[in-house]
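What follows is one structure encoded as structure tokens, with my remarks underneath.
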Amino acid sequence: MHQQAQLRMKKDEVERLGAEVYVVLAMDLHRTREFKEENLLLSRGTGRFSKEKSLVYATALSDPAGYASAVYGVARKCLRWGAWVENQPRWFVIDYRGTITFVLEPKFDTPTAYERDVDLVLEALRSARAEK
Amino acid sequence: MHRMTIAVVGLFLVPGAGWAQPTSPLEKYRRLPFPAKDENFAKGWQERVALEYEVINAADLKALRLALKDEDPFVRAIAARALGILGDKDSVDALTDLVKADKEYLVRIRAVESLGYLKMKPEVVQSAIKDRDGGVSWVAKLAADQLKSDTDYAKQLREAYATGIKREVMGTAKVSNPAPDFTALTSDGKPFRLSTVLGKKPIAIYFAAYDG
């Protein structure tokens, strides 16, 4: 959710790049819809996103059996709140030829790590666009 | 020749002479060398995924109901999840017991989630919102909404698992490789296939956890 909140702040840049962004949840459709439409997590705090209704700019995709998540190597790795069904977060960038050009595993190691991660993804999208 | 065929078949039918009871997916899950514990974060996940598919697709309801009382919490949890996805209304009382009294939060999560999929026991789901564990409470809130919905989420899950998964395709998405294709549902329920959007724009995909 943090990554998505950060991405939404830079959606103009995504649109300038003519790029498309998807966010995949290894969860049923209801949870995916809640993730997309409701700010259930950050609304509980007092931070900059606490008053926002929805934080997710990307197209949200439900991967209920975790197939895509397994193929992309991120499935069933972490316990967390979902107790094993959630994904280990990871970014992938794909160029015009359909080739994966960039992979980033967020570390969540600092309070502002999300900004750096999204900047790196945007940079990878810029490169992917330039290679057309 | 005929006599030889009978002898070979007989060899496999005589106990202790080369024939063995096939191991069920649930039993294989019980014997996982790396169950879904924190310390196994990056180990054995492919086997966990593959067996989850096998347990659900095998749909051995009798074994799954028995497994709700298994001493291993990971086995109770996968059985609870499978029974909800399989729409087994006969397991509702046992799932209710797990929601109310299982000492492991990961089992209570899967049990309350399944009551949501089965659209039964709204009062139990409501009470689970007050569970001492934040994860159980969170999933119970979502299950309470699912109970009221007309959408058959369990059917969607069954259809998704029914496609199966091969171990050799897992983890194949790597830099310089073609992006593996997959299907999904958009948040408004429309089918999506990655290959239909490749080549038109540069694409970023984020595989998210709910809180990441």
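Within region A:41-58, identify whether any single residue is out of contact with any Gly (no Cβ under 7 Å at 6 or more places or on another chain), at the interface with chain B (Cβ under 8 Å from one of its Cβ atoms) and at pLDDT 95 or above, and answer yes or no. Taking every residue of region A:41-58 in turn, none turns out to be out of contact with any Gly (no Cβ under 7 Å at 6 or more places or on another chain), at the interface with chain B (Cβ under 8 Å from one of its Cβ atoms) and at pLDDT 95 or above.
Given B:Val139, B:Val107, B:Val169, which one is under 17 Å from the mean Cα position of the chain (by Cα), among the hydrophobic types (A, V, I, L, M, F, W, C) and over 22 Å from B:Asp60 (Cβ atoms)?
Working: B:Val107 fails: over 22 Å from B:Asp60 (Cβ atoms); B:Val169 fails: under 17 Å from the mean Cα position of the chain (by Cα).
Testing whether each residue is under 17 Å from the mean Cα position of the chain (by Cα), among the hydrophobic types (A, V, I, L, M, F, W, C) and over 22 Å from B:Asp60 (Cβ atoms) leaves just B:Val139.
Which residues, counting only those in region B:146-183, are of a type in the set (A, V, I, L, M, F, W, C), without any contact (Cβ under 8 Å) to a residue 40 or more places away in the chain and closer than 17 Å to A:Leu61 by Cβ? Before you say what the answer is, go through the steps one by one.
Applying the first criterion (of a type in the set (A, V, I, L, M, F, W, C)) to region B:146-183 yields B:147, B:154, B:157, B:160, B:162, B:165, B:169-170, B:173, B:175, B:179, B:182.
Keeping just the survivors that are without any contact (Cβ under 8 Å) to a residue 40 or more places away in the chain gives B:147, B:160, B:169, B:173, B:175, B:179, B:182.
Result: B:Ala160, B:Ala173, B:Ala179, B:Phe182.
Remark: pairs (first residue in region A:108-128, modelled with pLDDT of 90 or more; second residue of a type in the set (S, T, N, Q) and surrounded by 15 or more Cβ atoms within 10 Å (Cβ to Cβ); Cβ separation under 6 Å; 6+ apart in sequence or on different chains) = A:Val118/A:Gln6; A:Ala128/A:Thr101.
Checked against (1) more than 16 Å from the chain's Cα centre (by Cα); (2) part of a loop (DSSP other than H, G, I, E, B); (3) at pLDDT below 80, B:Pro33 meets all criteria but (3).
Candidates in region B:154-187 are the residues that are in contact with a strand residue (DSSP E or B) (Cβ under 9 Å, 6 or more places away or on another chain) and more than 7 Å from every other protein chain (Cβ to nearest Cβ); of these, the one that is nearest to B:Arg110 (Cα to Cα) is B:Thr183. Against the definition (more than 9 Å from chain A (Cβ to nearest Cβ) and surrounded by 18 or more Cβ atoms within 10 Å (Cβ to Cβ)), how does B:Ala140 come out, yes or no? Yes, satisfied.
Of the residues B:Gly84, B:Gly135, B:Gly116, only one is crowded, with 21+ Cβ neighbours inside 10 Å, at the interface with another protein chain (Cβ under 9 Å from one of its Cβ atoms) and either small (Gly, Ala, Ser) or out of contact with any Phe, Trp or Tyr (no Cβ under 9 Å at 6 or more places or on another chain) (or both); which? Quick ask: steps written out before the conclusion?
Numbers: B:Gly84 fails: at the interface with another protein chain (Cβ under 9 Å from one of its Cβ atoms); B:Gly135 fails: crowded, with 21+ Cβ neighbours inside 10 Å.
Only one candidate qualifies: B:Gly116.
The values are calculated or read from the model by the stated rules, or taken from the named source; none is laboratory data. None of these values were measured; they are calculated from a predicted model. We place every Cβ from the backbone using ideal geometry, glycine too, and count neighbours over all the protein chains shown.
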